[in-house]
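Accompanying notes for the structure given below.
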Amino acid sequence: MKKIAVLISGSGSNLEAIINSCAENNINGEIMCVISNIPDAYGLKRAKKYNLRTKVINHMDFLNREEFDLTIEEYLDKLNIDLIVLAGFMRILGKKITKKYFGKMINLHPSLLPLYPGLDTHKKVILNKDKLHGISIHYVSPLLDSGPLIAQGVIKVRKEDIEKLINRIHKIEHLLLPEVIAHICNENIRLENNNVSFKNIKNLTNNMIINNYDL
Ligand code: GRF
């Protein structure tokens, strides 16, 4: 069983999707800890409901980014973590920590990267009248939202308000993120010399999983 750490900043709905997937034995892994940089993040309540170990590492308590990153690093290393999942974790991690865990740390981003790295992705999709929107899951590298892509989930943009769009994006996040984690824990997905390597996975396009969702 792989040892998983989940880093959050907010509601933790993706965390809960991962928890459920582990409980259903779809993921051959165990969540060893949930780390939040926000002390009152709702995700911490969800984690406690399932008796998971939680840890607040509040970025406001540190003089600089390096010390914040180092504290996360030391905590993760104590637990011998195999896979670090950034699931709605809203702090940028620095070069040292991202290099150290390159190939071991994945991020969920709500856009079809390389489109719209950073914030406000849903607004940008609507403003630009994009026909498609979606999510990306990628290995974390020192460059923001730019590491090797593992998977994308795609939906058609309808004439709908932004809340509905965000809601649909959440739904596909809750499907695709656990799916990717399951493949990584089974060692069907891994990073080899900067390239994502896939084993026993059929729906590959341009060397990544692309799932189209009709919901
Ligand atoms: C997700 O939509 C993720 O893509 C974005 O933040 C949101 C986190 O949601 N970066 P939750 O905390 O998992 O509910």
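Readers should treat all values here as calculations from the given coordinates under stated rules, not as data from a laboratory. Nothing here was measured: the structure is a model prediction, and the numbers come from that model. Cβ sites come from the backbone with ideal geometry, for glycine too, and all protein chains shown count toward neighbours.
Annotations for the structure displayed:
- In the condition set (1) over 25 Å from residue 27 (Cα atoms); (2) free of Cβ contacts under 8 Å to residues at least 40 places away in the same chain; (3) not in a loop (DSSP other than H, G, I, E, B), residue 138 is compliant with all but (1).
- Contact map, the range 166-180: first residue touching a residue at least 12 places away in the same chain (Cβ under 8 Å) and under 13 Å from residue 111 (Cα atoms), second residue more than 10 Å from the ligand (Cβ to nearest atom) and aromatic (Phe, Trp, Tyr), Cβ cut-off under 6 Å, separation 6 or more or different chains; pairs are 172/213.
- Looking at the range 1-63, none of the strands (runs of 3 or more DSSP E) lying wholly inside it contains 3 or more residues that are without any contact (Cβ under 8 Å) to a residue 60 or more places away in the chain and in contact with a Cys (Cβ under 6 Å, 6 or more places away or on another chain).
- Within the range 151-177, the residues that satisfy the criterion of being of a type in the set (Val, Ile, Thr), out of contact with any Leu (no Cβ under 9 Å at 6 or more places or on another chain) and farther than 11 Å from residue 213 by Cβ are 162, 166.
- Hey, residue 92 within 16 Å of the ligand (Cβ to nearest atom) and either in a helix (DSSP H, G or I) or buried (at least 20 other Cβ atoms within 10 Å of the Cβ) (or both) or not: no
- You will find that of 143, 108, the residue that is within 16 Å of residue 15 (Cα to Cα), of a type outside the set (Gly, Ala, Ser) and surrounded by fewer than 22 Cβ atoms within 10 Å (Cβ to Cβ) is 108 and no other.
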